[in-house]
Amino acid sequence: YFIMRSAIGVYAVAGLFYLACATVLVAESRERGNSSRFIPGIDAAEGLERMANFRQQRLQGDYCFRFELEHLPRRGQAVVYQGTLWGSWNAIGPVSRFELWPVNESGSDTVQRVELIIQNGSQLAVWMRQGQSSGFQLVDGAALFEPIIPGVLYTPFDLQMPFIYWNEFSYEGPSRVLSRIAQWFRMFPPEGSAAADYVQAVRIGLDDTYDALLKVEVMGLDGAMRTDFKVESFKKVQQQYIVKEIALKDYVTRDRTRFQVKAASLDLNFDPSVFDPKLTLSVPEIPDVLFDAL
């Protein structure tokens with residue numbers, strides 16, 4: 001167990017963009033040949049290298065995902081939402097735009113289409129609007145921890161995943177996540193940040209072979225588990241690996257929300273103004289023929 005401080009100004013520029021919040025994962029690094037009978041730890045230098053590799057991963061070109069969110073309450077009927085995600089990178093880091101709307105009767109009369117623009121990297125920010133007639137508004141403070149839409153667990157904090165870029169973290173050792181070996185890091189929120197009022201720490205498990213994210217555990221101020229987020233499957237699409245399915249669980253309510261990518265189009269090229277909240281431009285329209293169904 002050792003504490004590390006990362007050079008955020010260097011590592012955050014390339015960044016790694018995430019779905020659900022936030023998160024595209026690229027599985028294109030070297031094999032490390034771990035035995036299934038022995039799970040090796042790493043030292044401080046390799047811990048910094050692994051974290052840097054993780055933050056710098058990205059897809060080739062811009063991308064668009066059509067996805068489904070299925071909220072599975074412990075009691076009650078499931079609620080399904082459909083959405084589209086457009087993702088790119090700029091000089092600050094990963095940037096994305098979401099649209100989300102209900103697809104069944106539950107909530108369809110009262111819930112408008114929700115849109116978010118999320119800037120990750122060295123200058124974090126989230127903007128949101130309901131309905132296309134209004135402008136995007138900055139989301140900060142306590143609002144970062146409110147559900148983006150009634151009936152799902154995801155918050156702006158979950159989609160943005162700012163903890164990936166927190167400067168202070170510790171290495172905790174290896175363990176298995178499903179059938180994979182994960183190296184675990186505990187990320188600490190910066191003093192004075194909005195997260196510091198709600199979160200004691202966030203644990204992230206990185207795949208030992210690919211430095212890709214396998215699991216996230218968010219700890220409340222009392223140190224108890226608040227939510228966890230597990231990557232359940234990857235998929236190779238158009239010669240690149242992406243996340244296919246993510247499960248988010250609330251440990252207080254025992255509710256779950258499942259994120260599934262239904263179709264993906266990669267190696268695109270978007271106008272940067274699409275991600276400017278001041279311009280509120282329409283989202284890019286991508287022909288169906290450019291999507292691969294998953």
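Figures for the structure shown
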| quantity | calculated |
| --- | --- |
| Rounded accessible area of Tyr63 (nearest 10 Å², 1.4 Å probe) | 0 |
| Formal net charge of residues neighbouring Ala52 (Cβ-Cβ distance under 12 Å; K, R +1; D, E -1) | -1 |
| Accessible surface of Tyr165 - all protein chains present, 1.4 Å probe, nearest 10 Å² | 10 |
| Accessible surface of segment 43-171, 1.4 Å probe, proportion on carbon and sulfur as whole % | 45 |
| Segment 234-294 and segment 168-233: distance between their alpha carbon centers, rounded to Å | 22 |
| Burial order of peptide ranges 120-131, 276-287 (average beta-carbon count within 10 Å, highest first) | 120-131, 276-287 |
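The values are calculated or read from the model by the stated rules, or taken from the named source; none is laboratory data. Quick caveat, the model's predicted, so the values are computed rather than measured. Cβ sites come from the backbone with ideal geometry, for glycine too, and all protein chains shown count toward neighbours. Note: areas computed on protein heavy atoms with side chains; ligands, DNA, RNA excluded. Shrake-Rupley method; radii C 1.70, N 1.55, O 1.52, S 1.80 Å.
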